[in-house]
Amino acid sequence: DEHNEHHVFTNTIVEGVGPADPQMIEDVWIQDERLIPYFVQCTVKFMLEYQQFYFVPLLVLVGLFPIKVDAITHTDRYLTDFAGLALHIGWVAAVLSLLPSASERLAFYIISNCISGCLGIQLLVSHYAKPWAEKNDTKEPGSWAARQVDAVMDITCPTWLDWFHGGLHIHSVHHMFPRMCRCHYRAVYNDIIGMCEKHGVQLDQRSWFDAIGSCIQHFSTIKHKAEMSKKAKPE
């Protein structure tokens with residue numbers, strides 16, 4: 001399962017082979033200069049120049065549609081998955097039917113998807129500005145928990161706003177305890193904060209807008225880092 005691989009080898013790469021984290025590689029942006037060789041080269045220049053500008057708009061406007069298409073077309077599905085999809089489609093159709101005209105239904109559907117796209121932003125900024133590592137380097141004994149913290153960014157918000165993020169904004173807890181019910185995240189998070197302080201591990205905590213700004217800033221530096229890396233390599 002690719003999500004299990006993502007949790008075990010978050011933001012990792014195998015030099016000469018490609019990314020080892022299947023969920024942190026997309027065709028539309030480059031999160032680390034070491035990933036450049038594994039992209040279609042005719043698109044690299046464009047992404048390096050403009051990805052910091054289209055990152056947020058692309059996620060808000062169309063980010064959820066590929067997820068929905070994948071949910072419908074993915075071949076490895078169980079009967080319960082199709083039942084859930086049918087329930088979702090039926091529920092959405094029932095809500096839309098309450099609106100008086102086709103134009104209002106379309107507007108409602110598009111706006112609701114754009115608002116939901118904010119969740120996509122939260123999921124990606126939790127990793128995109130964080131460092132990538134060689135896969136084998138993350139296998140050192142005793143390094144797994146520290147690597148999980150190093151590879152994620154937590155979004156801070158008041159407790160009453162947790163519903164908006166669905167709990168995944170406390171991403172360090174999600175990565176350390178992926179099967180834990182999210183209603184327990186807040187209590188466990190205090191323990192993780194204390195553990196990080198005790199062992200000198202930096203826990204990256206940022207506000208919603210600071211996290212987005214950090215990710216955009218990171219995207220804008222990839223081109224420069226790639227140029228510096230190229231110059232540093234011997235001819």
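The values are calculated or read from the model by the stated rules, or taken from the named source; none is laboratory data. These numbers come from a predicted model, not from an experiment. Here the Cβ is made from the backbone with ideal geometry for all residues, glycine too, and neighbour counts use every protein chain on show. To get the accessible areas, we keep the full protein, side chains included, count just its heavy atoms, and leave off ligands, DNA and RNA. Shrake-Rupley method; radii C 1.70, N 1.55, O 1.52, S 1.80 Å.
Any idea of Y38's accessible area? Nearest 10 Å², probe 1.4 Å.
Per-residue accessible area (Y38): approximately 80 Å².
To the nearest 10 square angstrom, how much accessible area does T221 have with a 1.4 angstrom probe?
Taking all protein chains as shown, T221 has close to 40 Å².
How long are the semi-axes of the equivalent ellipsoid of segment 133-235, defined as square roots of 5 times the Cα gyration tensor eigenvalues? Whole Å, largest first. Before the final figure, lay out each step's value.
Numbers: eigenvalues 175, 76, 25 Å².
Semi-axes, largest first: 30, 20, 11 Å.
So for M24, M180, what's the accessible-area order with a 1.4 Å probe, most first?
M180, M24
Pairing the Cα long axis of helix 41-62 with the longest principal axis of the chain, what angle in degrees results, from 0 to 90 and rounded to the nearest 10?
Helix 41-62 sits roughly 40 degrees off the main axis of the chain.
Only four residue types carry charge here, +1 at the Cβ of Lys and Arg and -1 at the Cβ of Asp and Glu. Report the dipole size of the chain about the Cα centre in Debye, rounded to the nearest 20. Could you put the intermediate results ahead of the total?
Numbers: 19 positive and 26 negative charges, 55 e Å.
Magnitude of the dipole: close to 260 debye.
Can you give the angle from 0 to 90° between the axis of helix 79-96 and the longest principal axis of the chain, with both taken from C-alpha atoms, to the nearest 10?
Relative to the chain, helix 79-96 is tipped by roughly 60 degrees.
Shape call for segment 94-140 from the C-alpha gyration tensor, a ≥ b ≥ c root eigenvalues: rounded (a/c under 1.5), prolate (a/b greater than b/c) or oblate?
In terms of gyration-tensor shape, prolate.
What does the helix-only formula give at 222 nm for the chain: each DSSP H stretch with n ≥ 4 adding -39500 (n - 2.57), the total divided by the residues, and the result rounded to the nearest 500 deg cm²/dmol? List each step's numbers first, then the result.
On the way: 10 runs with 141 residues, N = 235.
Value at 222 nm, helices only, nearest 500: -19500 deg cm²/dmol.
Rg over Rh of segment 1-128, using C-alpha atoms and the Kirkwood radius, what does it come to?
On the way: Rg = 17.8 Å, Rh = 17.2 Å.
Answer for segment 1-128: 1.04.
Identify which of the listed values of Rg and Dmax of the Cα atoms in Å was calculated from the structure shown: (1) 19.7, 67; (2) 18.3, 58; (3) 21.9, 66.
Given (1) 19.7, 67; (2) 18.3, 58; (3) 21.9, 66, the calculated one carries the label (1).
Given a cut-off of 26 Å, name the pairs among K68/K135; K45/K130; K130/K223 whose C-alpha atoms lie farther apart than that in the structure shown. Intermediate results must be reported in sequence, preceding the final value.
Working: K68/K135 30 Å; K45/K130 22 Å; K130/K223 16 Å.
Flagged as over cut-off: K68/K135.
For segment 1-149, which whole percent of the accessible surface, found with a 1.4 angstrom probe, sits on carbon and sulfur atoms?
Using a 1.4 Å probe with all protein chains present, segment 1-149 comes out at 68 percent carbon and sulfur.
I need the Kirkwood Rh of segment 64-119: take the reciprocal of the average 1/r across all distinct C-alpha pairs and report it in angstrom.
Roughly 12.6 Å, rounded to one decimal.
Relative to the first principal axis of the alpha-carbon coordinates of the chain, what is the inclination of helix 102-128, with its axis defined by its Cα atoms, in degrees from 0 to 90 and to the nearest 10?
Roughly 20 degrees, rounded to the nearest 10.
What figure in square angstrom, to the nearest 10, would you give for the accessible area of C42 with a 1.4 Å probe?
Near enough 110 Å² of accessible area.
How much accessible area per residue does the chain have, counting only protein heavy atoms and a probe of 1.4 Å, in square angstrom?
60
Relative contact order for the chain using alpha-carbon pairs under 8 Å, separation at least 6, rounded to a whole percent?
Across the chain, relative contact order equals 25 percent.
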